[in-house]
Amino acid sequence: MSDQSVSAPYDALLLLSFGGPEGPDDVLPFLENVTRGRGIPRERLEEVGQHYFLFGGVSPINDQNRALLSALREDFAGHGLELPVHWGNRNWAPYLTDTLREMTVAGHRRVLVFATSAYASYSGCRQYRENLADALAVLESEGLPVPRVDKLRHYFNHPGFVGPMVDATLAALAELPAEVRAGAHLAFTTHSIPTVSADTSGPAGGHGEGGGAYVAQHLEVARLVAGAVREATGVEHPWRLVYQSRSGAPHIPWLEPDICDHLEELHGSGAPAAVMVPIGFVSDHMEVLYDLDTEAAAKARELGLPVSRASTVGADPRFAAGIRKLILERAAAERGSEVERCALGGLGADHDLCPVGCCPGRLPRPAAAGADDPYRAVAQ
């Protein structure tokens, strides 16, 4: 099989991410993009903006996406995979619509999408699919060909994601003082979301009865990492899935406990140390740098609780290789070939095609790259 045909029918990969400001003047416009339509007061945006100004008004996420792009291109070249890689964001340049327009003008008609979110949820999957539908609608209105877009499956339990998280957790444990290391608790962290969104995440009756995929998938990764750490060290570290980065109105229930509350609980129970393991994030972007490295670390110092923080997968070569394997798996499935779907743990490989009603939002909106994709029939 030729280099081109191993990825057929796909002719390009789109790295789809959140985006972030790259200078002080970008911060408020970026936050306005993120919160558009939600009625967030400007004073609240200015308050959140201070988190970015602590880092010079720059979110690291764009540079981290550039590093992942380089890692993907290097991995592809090393394995003879001739698949162009492009990058578009939801909330900041390079914007998704602009990138898809450039790809279409360049002749790409079957685009495979990799989103920098490993789990099922509205904001981590469905909203990206809505963004894709919005971008395709713009291309159609401009008289451009509408490419067919497909999204890679959720990869939370793929070895290319789990393996680097295991090694990062072991490295963070090694950073703790030797006298507290064996008794350290593992705090697996992810972005909190409204409980109603968590309850309806994934397909009804899927991983988690009647939904519930967001929590179920994170618990699976936590079990996998904690189990691998036990095998590597011979020590059973207590662990818990906790949450961070809540941003909603106080009267709306969100997933708990918060990481800072959890650190207080650990200290009160006599735990000697903790390792924060951000399994919910692909890279060390603002939620990690501020909510963990700044806010949670300050809480730990206040308590006198030794803590360390595991790194995220970032541009780890194993992660890039895992993405390549997911591409080849999906391409083979689209060609009708038998495929072996790689997944660790008991949940198995997730669906290729999001079913109708998967991870619903507050209001029904068109979403591409799923069973309810309105552009699937018109894609050229």
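Looking at segment 224-279, the pairs of alpha carbons with a distance over 15 Å make up 58% of the total.
Equivalent ellipsoid of segment 42-160: semi-axes from √(5λ) of the C-alpha gyration tensor, largest first, are 26, 21, 15 Å.
As an equivalent ellipsoid, segment 124-187 spans semi-axes of 46, 12, 9 angstrom, where each value is the square root of five times an eigenvalue of the C-alpha gyration tensor, largest first. Take the Cα of ARG44, go 7 Å toward its beta carbon, and the backbone nitrogen atoms of segment 242-270 under 12 Å from that spot belong to 247-252.
Applying 0.36 nm per residue to the separation of GLU302 and PHE53 and subtracting their alpha-carbon distance, the gain on full extension is 87.3 nm. Helical runs assigned H by DSSP (4 residues or longer) give the chain a calculated mean residue ellipticity at 222 nm of -12000 deg cm²/dmol, each run adding -39500 (n - 2.57) before division by the residue total. Across every pair of non-identical alpha carbons in the chain, the mean reciprocal distance, once inverted, gives a Kirkwood radius of 21.5 Å. Taken as entire DSSP H runs, the helices of the chain that both span 18 Å or more between Cα atoms along their own long axis and average -1.0 or more on the Kyte-Doolittle scale are 61-78, 127-141, 159-175, 213-233, 317-334.
Each label point was placed 7 Å from the Cα along the Cα-to-Cβ direction; for THR195 and VAL180 their separation is 3.2 nm.
Label-to-label distance, ARG365 versus LYS325, with points set 7 angstrom from Cα along the beta-carbon direction: 3.4 nm. Once C-alpha pairs closer than 8 Å and six or more residues apart are averaged by separation and normalised to the residue number of the chain, the relative contact order reads 24 percent. Relative to the Cα centre, the charge distribution of segment 127-174, modelled as +1 at Lys and Arg Cβ and -1 at Asp and Glu Cβ, gives a dipole magnitude of about 220 debye. The value for segment 228-319 of Rg(Cα) / (2.2 N^0.38 Å) is 1.16. Taking amide H as placed 1.01 Å from N in the peptide plane, the amide H of HIS185 sits under 5 Å from that of ALA273, ALA274, VAL275, each at least 5 places away or on another chain.
Each reported figure results from applying straightforward, stated rules to the coordinates on display, with no laboratory input. The structure displayed is predicted, hence computed values, not measured ones. Don't worry about glycine lacking a Cβ; one is built from the backbone with ideal geometry, like all the others, and counts go over all protein chains shown.
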